[in-house]
Structure formats: structure tokens, C-alpha cells
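Here is the structure we will look at.
The values are calculated or read from the model by the stated rules, or taken from the named source; none is laboratory data. No experiment lies behind these values; they were computed from the predicted model shown. Glycine also receives a Cβ, built like all others from the backbone with ideal geometry; neighbour counts cover every protein chain displayed.
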Amino acid sequence: MYLLSIDLWFLLEKALLIGGIIGLSFFIAMYTTYAERKVAAWLQDRRGPNRAGPFGIFQPLADGGKLFFKEEIIPLASNKFLFILGPAMAMITALVASTVIPWAAPFITKGGNVIPMQVADVDMGILLVFGIVSVGVYGIMIGGWASNNKFSLMAAIRGASQMVSYELPMGMALLAVLFMTGSLKMSEIVSVQVQNGWNVIYQPLGFIIFFICALAECNRTPFDLPEAENELNFGYHQEYSSMKLGFYLFAEYINMFISAAIMATVFLGGYDIPFVNEASWGLSSFWMTFISFSVLMSKICFFLFVFLWIRWTIPRFRFDQLMDLGWKKLIPLALINMIITAAVMLWLNK
Amino acid sequence: MGKQLTNRGKEVDRSPMTFLESIYLWNIIKGMGITISHLFKKKATINYPEQKRSFSKVFRGLHVLNRDAEGRENCTACGLCAVACPAEAITMEAAERLPGEEHLYREEKYAAKYEINMLRCIFCGLCEEACPKDAIYLSETFAPANYSRKGFIYKKEDLVIPHPIHEKEAYEKARGGRVEINKKD
Amino acid sequence: MGITQILFWFLSIAAIFSALMVISSKNPVHSVLWLIVTFFSISGHYIVLNAQFLAIVNVIVYAGAIMVLFLFVIMLMNLNKESEPQKHKWLRIAGAVAGGCLLLVFVAALKDTDIKHQQALVNTGNIGLIKNLGKELFTTYVVPFEISSILFLSAMVGAVVIGKKE
């Protein structure tokens, strides 16, 4: 039987990795909600949640518990199946995008087996992330439409048009990076950066464009128009309650986590420690994996903090400003960046 | 431009944005500098139930109906506080002291009913000034929140200070360094 | 039966079923959603053939962008059973004839091709990987590739012209 000939160790290894990454995503997303409230409080000269546990560290558990026990309301006139599918789609797409990220340096067992800390090192790598992000629109659109509510629908359409528009400059900014690495594989992108230095040094403009687009793709302030409370009554998840609402909110934080991880991987060298050659330390493989993982995590945490910092500083864009910025500024800038990179690459390789 | 009240007013610059301004980036970085500086500032809030801010010496809070040192109520229901009250928050009914009640009320007349509507009260302290018998004081606490309007109409039981002999601790707490016994005598 | 064959049958059934649902569901929004499922199963087929680039581009372009725009239009038009105008009988017959003609053309075109004798490279071919595909597109097929880009350019110009018209 062919099915039985599958390498069971391989399956176990991947299953462990997938479980670990999903757990990590949930954990980070949970504590990003806590960090969001804390950072907001600090930036506004307040204290933030500090009642549940020491420094309020059990606050996310309390919030999650509250969401679980809330009454679940499905509007009568809504489309029930799609109403449930919406948050599920949002959650699935948020989680799937983490498959191609190399989380740490590969772990080498005593027997010499190399276990990559990456679920799938597919040839498409970063394109897979793009594919998943572009599908992520459906969570918002389906949920907004199935609610049978004008405001939800408006917010869903806003969100979808925003995400579709900002995918273009994002892709173009990324193309310039791909010119330099010559591969779409995430592991290759990281290893090129380990050798040649981080991409953010060579591609500062590309990095800024990518960062802005990442904010827009995650529906974060200043691009949180789909959730505009004061114009659209809370946006596309207005009719949602209980854990379905929790899924939408959670998916947003997981998206933040994943996009921070992707930015760290593509522009900040992934799990690479700057200025030192960690391979010469002669540490055991376990410690190398552990250190590289914590380096990546600290980069991710830095990005998450910047996300929060931006949220509590910059007011929301108007919709026409959003579209102007996307189509008239970022796309031409990204195109110029791409052409300049291509020209320099040609000139250097001549 | 019209007349300015202060010299801090600034005219809004409505000239069209330059290219640098239209990218927003510089101004965004400036704004983020401002917010991050607040991260290191002293917090404006305190952990309320554990820490409390001290009240001002002249703070006027909830009313207290006073007793003398032997625990007799000072109020004679003369009605001067109700007359003085600009918000008309005080109502009272007088009654005559019966024989055998001398340990309860200091003088022959007392307030059988005494109500203050805390929703009307403006905490001006005129009742305190008007009282000839030192019977009413404004304390250092404020009216806590309540679920109904009825809860804000404070009865005599809510207002009278605890007995200075029988409930010494509660009495001291309610006094709070504010109410002096028989100041005007 | 290997795992690729199981996947093939699963994806084929999913693709055909969802394609049937596209044309048979009453609600146009459901049709679009089923069409998205169809695209995903086709992408799955590409992956089985190890044509990863095609699979992902199919998802990004068709499922991620074009279908979103379809969904936009349909959601905003608020189509439903009640407001849909009854089509004329002759129109239906004309539609059936046109569809039948298309089917006939397809059958005629595919009948004589020797597709039956060519084995699809399952899991082993690597022409679908991005490097090989890029080389092939920019050397062997460079002329059709560039012509198709001109086609896109003309479509873009046309869209702008229509958009500018009062």
C-alpha cells in the first residue's frame, strides 16, 4: 500500500511543527490584544489593564472567556451558512499564511538528520503568502454580505477594495527584493540575507512601501476603514457576537503577527543575528535553533510594537485619501523602485 | 480675523500641501515621536481603590448630620438650611421631643424626617453656613453611583453621623478631621 | 491507488460538482462562491501536476482578485430571485443553442488531439516551477507572451477610456 509508505517520522515532525506554530500564533495574538491595551494606555499616560493577575497578564484569558460565554446571535435575515463561514475563512487564511515562514535555523539531530523549522519550503514561498492574503478578503466580504446589513456590506466592500488595491504595491515592492535574491523560497531569501546583509539596507524604499501595505492588508490604523466605528457602526463584523466576533478580532491579530514575521524574514534577515557570525560560536544545534528563534521573535515583537505605536498615533485616512495613496503614490513609487533595482542589478552583473 | 481672547490662537495654514507634506511620512514620524515620549512620562492616573488622591481642605462632599459629644443629634429642624439651599434639595419635618428621649436629641425640637436629594444638591455648602446649631457639615466623601434616582434621595439614617460612644470607630471615620464637635458653642 | 490518484479523483469531483453548482444555484452570490471553490480545485490539480506557479497565480489572480470584483458587482446590484426579470422563451432557446454550439466546438477540437496518449507528468515534472517556467516563457514563447501583454495594455486603455467618458 502506497499510503503506508509515507514517512511517519516526517508526518510527526510536521504535525508537531504545525501544532507549535498554531499555538504560538494564538498565544502571540492573545498577548497582542493585551499589549495593544497596555501600549495604548502608556502612550496616553494611563496604566492599562492591571486587575486580572499581576500587571493584568491574565486579561486576555478573561477577555476570551467573556467572548466564549456571550450569547450568540445570528440575525434572522442573514444567510446562516455564510454567516458562519465568514469568520472561519478569516481565521483559516490568517493561520495558513504561516506555513512558509522559516522560524529558526534548521535543527540537526545527533543522527545527522536536518529538521527544517519551516512547515513547507515550497518553491513558491512568498507567492503562497500572497495567494493566501488575496483569499483573506473573502472572510470579510462573506461575513459582511451574509449579515444582511447595509453598514456591514459597505464596510466589507471598503475592506475588499482596500486589500485588493494595496496588494499591488506590496507585490511590486517585494519584486525588487526578489530581483536581488533570485528565488521565491523563504529559506533562500533568508540565507541570501545571512550572507549579504539585510534587504532593508538595499531596499529602504521597498521596505517602507511594504510596511505601509502590510498595515493596509491587516486593516490596521491608519487604514482601518472597514472597521470605522463612527461611520460604519463597527464595520463588517457589526452583526457578529460571541466567539464569531472573537474569531474576526483574533484573525486580525494573527494577521499582524504573520505580517510582522514576513517583514522580519524578507527585510530584516529572518532569524539572522546582525553583525556577528553565529556559525563560528560552535554552539550545539539545539541552542543555535533556540537562539535564532528568539532573534526572529524579538524582531516580530518589534514590528508588533510599531504596529501598535502607529495605531495610537495616526488618525484614520479618508477613503479617497486611502485610494490616492495606494494608486497614485505607492504604485508609481514601487514601480520606480523596481526599475531602479533592475537597472542596478543589470549594471552590477554586466 | 476677529478679536482674540488670548495670544495663543494661531491662524490655520490652508496653503496647499507641498510634495514632502503630501507623502505624510515626515509628519507621521514627528507625531510618533510625540507619542513615544509619552511612554516615558509620569502616568496621570492612579490605581484608584488602593490609592486615593487626598481631597482639598475646602472640598465639599456628602452631608453629615452631626451629633454632640454625648451622641445627641444637634439638628432642631429650624429649616434655615432648607431656606438657604439654592437648589432646594433639602426637605424636613419637625417633631417635638418626648420625655425620655433626652439622650437622643439635644433640644426640645428635632428633625423627624430629613432628606437631601443628592441629584439636586450642588454642594455649595450654604446649608453648612446657615446652620446655627452646627448640625450639618459637608464631608470629604462624594455620592457613590446608584442604579435608581430613588437611591440618591438620602434619608436621615443615611446622613446622621455614627454614635460617638457606641460606634466610636465609624464615628471617627465619618468625621474625617472635618466635623468639629460643638464648634459654635 | 497512490495518494496522487486519490487527490486527483477528489479534486476532479470537487471541481465538477462546484462547477455544476455555479450554474444551478439560484442566488448569484452563491454562484460566485462556488466558482471560487472551482478555482481552488483547479489550483489543486496544478499542484498535483507540480505546477506550483500556475496554482498560486490562479489563486491570486482569479480567486483573489477577479472573483472579488465579481462579488463586488453582484453584492452591490442586490440581485435576487424576486427582482430577476423573467427571460423570454426565445432567449432561452437561443442561449441553449449557443451553449450547445460551444460544446460542439470543444468536442470537435479535442476529439482528434492525441491528449489520450500523452501521460501527464505527475509529481515529477518541474516545468511548472518558477525558474523553468520563466525561462520557457522568455525564450521559446517570448513572442506570444509579449503579444499577450500588449493585449492587456489595450484592455487597460479601453477601461480608462470608458471610465473617462461622461
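How many residues does the stretch A:117-145 contain that are more than 9 Å from chain C (Cβ to nearest Cβ) and at negative phi?
Result for the stretch A:117-145: 10.
With of a type in the set (A, V, I, L, M), closer than 22 Å to A:K185 by Cβ and without any contact (Cβ under 8 Å) to a residue 40 or more places away in the chain as the only criterion, which of A:I273, A:I262 stands out?
None of the other options fit; the residue is A:I273.
Condition test on A:A29, is it closer than 21 Å to A:G139 by Cβ and small (G, A, S)?
Yes, satisfied.
Checking the structure you have, find out if any residue of the stretch A:94-115 is crowded, with 21+ Cβ neighbours inside 10 Å, within 12 Å of another protein chain (Cβ to nearest Cβ) and assigned to a helix (DSSP H, G or I).
Yes, there is a match, as at least one residue in the stretch A:94-115 is crowded, with 21+ Cβ neighbours inside 10 Å, within 12 Å of another protein chain (Cβ to nearest Cβ) and assigned to a helix (DSSP H, G or I).
Only one residue in C:G64, C:G2 is within 10 Å of another protein chain (Cβ to nearest Cβ) and over 28 Å from C:G134 (Cα atoms), so which one is that?
From the options C:G64, C:G2, the qualifying one is C:G2.
Among (1) modelled with pLDDT under 90; (2) away from chain A (no Cβ under 12 Å); (3) more than 29 Å from A:G143 (Cα to Cα), which single condition is C:S24 missing?
(3)
List the number of the failed condition for A:A173; all other conditions in (1) away from every other protein chain (no Cβ under 14 Å); (2) closer than 30 Å to A:A228 by Cβ; (3) surrounded by fewer than 24 Cβ atoms within 10 Å (Cβ to Cβ) hold.
Every condition holds for A:A173 apart from (3).
If I ask for residues that are facing chain C (nearest Cβ under 10 Å) and more than 21 Å from C:V57 (Cβ to Cβ), which ones from the stretch A:155-169 would you list?
A:A156, A:I157, A:S161
Keeping to the stretch B:10-29, report how many residues are within 14 Å of another protein chain (Cβ to nearest Cβ) and not hydroxyl-bearing (S, T, Y).
Final tally of qualifying residues: 10.
What are the residues in the stretch A:181-199 that are surrounded by 22 or more Cβ atoms within 10 Å (Cβ to Cβ) and either out of contact with any Pro (no Cβ under 7 Å at 6 or more places or on another chain) or without any contact (Cβ under 8 Å) to a residue 60 or more places away in the chain (or both), if any?
Passing the criteria: A:L184, A:I189, A:Q193, A:N199.
Can you pull out every residue in the stretch B:92-135 that is more than 19 Å from the chain's Cα centre (by Cα) and either in a strand (DSSP E or B) or among the hydroxyl-bearing types (S, T, Y) (or both)?
As a first pass, look at the stretch B:92-135 and keep what is more than 19 Å from the chain's Cα centre (by Cα): B:92-113, B:132-133.
Across the stretch B:92-135, the qualifying residues are B:M92, B:E93, B:A94, B:A95, B:E96, B:Y105, B:K109, B:Y110, B:A111, B:A112, B:K113.
For the stretch A:82-93, what are the residues that are within 15 Å of the chain's Cα centre (by Cα) and either surrounded by 24 or more Cβ atoms within 10 Å (Cβ to Cβ) or β-branched (V, I, T) (or both)?
To start, the set of residues in the stretch A:82-93 that are within 15 Å of the chain's Cα centre (by Cα) comprises A:90-93.
Of everything in the stretch A:82-93, those that are within 15 Å of the chain's Cα centre (by Cα) and either surrounded by 24 or more Cβ atoms within 10 Å (Cβ to Cβ) or β-branched (V, I, T) (or both) turn out to be A:A90, A:I92, A:T93.
Report yes if B:R60 is within 18 Å of the chain's Cα centre (by Cα), more than 14 Å from every other protein chain (Cβ to nearest Cβ), surrounded by 10 or more Cβ atoms within 10 Å (Cβ to Cβ) and touching a residue at least 60 places away in the same chain (Cβ under 8 Å), otherwise no.
Taking the combined requirement at face value, the residue satisfies it.
May I ask you to verify whether C:L110 is away from chain A (no Cβ under 14 Å), modelled with pLDDT under 85 and under 21 Å from the mean Cα position of the chain (by Cα)?
yes
Inside the stretch B:79-99, can you point out the residues that are within 12 Å of B:I136 (Cα to Cα) and crowded, with 17+ Cβ neighbours inside 10 Å?
Those that are within 12 Å of B:I136 (Cα to Cα) and crowded, with 17+ Cβ neighbours inside 10 Å: B:L80, B:C81, B:A82, B:I90.
Determine whether the stretch B:1-9 contains at least one residue that is surrounded by 15 or more Cβ atoms within 10 Å (Cβ to Cβ), without any contact (Cβ under 8 Å) to a residue 40 or more places away in the chain, assigned to a loop (DSSP other than H, G, I, E, B) and more than 14 Å from every other protein chain (Cβ to nearest Cβ).
Looking for residues that are surrounded by 15 or more Cβ atoms within 10 Å (Cβ to Cβ), without any contact (Cβ under 8 Å) to a residue 40 or more places away in the chain, assigned to a loop (DSSP other than H, G, I, E, B) and more than 14 Å from every other protein chain (Cβ to nearest Cβ), one finds none in the stretch B:1-9, hence no.
Which numbered condition in (1) surrounded by fewer than 17 Cβ atoms within 10 Å (Cβ to Cβ); (2) away from chain A (no Cβ under 14 Å) is the only one that C:A14 fails?
Condition (1) is where C:A14 drops out.
Can A:L330 be described as within 14 Å of another protein chain (Cβ to nearest Cβ) and crowded, with 17+ Cβ neighbours inside 10 Å?
Yes: the conditions hold for A:L330.
Please verify whether B:L80 is more than 10 Å from every other protein chain (Cβ to nearest Cβ), out of contact with any Phe, Trp or Tyr (no Cβ under 9 Å at 6 or more places or on another chain) and over 16 Å from B:I161 (Cα atoms), treating the condition exactly as stated.
Criteria met by B:L80.
For residues that are in contact (Cβ under 8 Å) with a residue 40 or more places away in the chain and assigned to a loop (DSSP other than H, G, I, E, B), scanning just the stretch A:314-335, find the one that is nearest to B:I29 (Cα to Cα).
Among residues in the stretch A:314-335 that are in contact (Cβ under 8 Å) with a residue 40 or more places away in the chain and assigned to a loop (DSSP other than H, G, I, E, B), the one nearest to B:I29 (Cα to Cα) is A:I314.
Give the stretch B:101-138 a look and list any residue that's aromatic (F, W, Y) and touching a helix residue (DSSP H, G or I) at 6+ places or on another chain (Cβ under 8 Å), or say none.
Answer for the stretch B:101-138, where residues must be aromatic (F, W, Y) and touching a helix residue (DSSP H, G or I) at 6+ places or on another chain (Cβ under 8 Å): B:Y114, B:Y137.
Sort out which residues of the stretch A:17-56 are within 13 Å of another protein chain (Cβ to nearest Cβ), without any contact (Cβ under 8 Å) to a residue 12 or more places away in the chain, surrounded by fewer than 19 Cβ atoms within 10 Å (Cβ to Cβ) and not in a helix (DSSP H, G or I), and write them in order of number.
A:D45, A:R46, A:R47, A:N50, A:R51
Being of a type in the set (S, T, Y), at pLDDT 85 or above and surrounded by fewer than 22 Cβ atoms within 10 Å (Cβ to Cβ) is true for just one of A:Y166, A:Y138, A:Y202. Which residue is that?
A:Y202
Given the criterion exposed (fewer than 13 other Cβ atoms within 10 Å of the Cβ), closer than 16 Å to B:V64 by Cβ and either touching a strand residue (DSSP E or B) at 6+ places or on another chain (Cβ under 6 Å) or in contact (Cβ under 8 Å) with a residue 24 or more places away in the chain (or both), identify the matching residue among B:E115, B:E129, B:E140.
On the way: B:E115 fails: exposed (fewer than 13 other Cβ atoms within 10 Å of the Cβ); B:E140 fails: exposed (fewer than 13 other Cβ atoms within 10 Å of the Cβ).
Of B:E115, B:E129, B:E140, the one residue that is exposed (fewer than 13 other Cβ atoms within 10 Å of the Cβ), closer than 16 Å to B:V64 by Cβ and either touching a strand residue (DSSP E or B) at 6+ places or on another chain (Cβ under 6 Å) or in contact (Cβ under 8 Å) with a residue 24 or more places away in the chain (or both) is B:E129.
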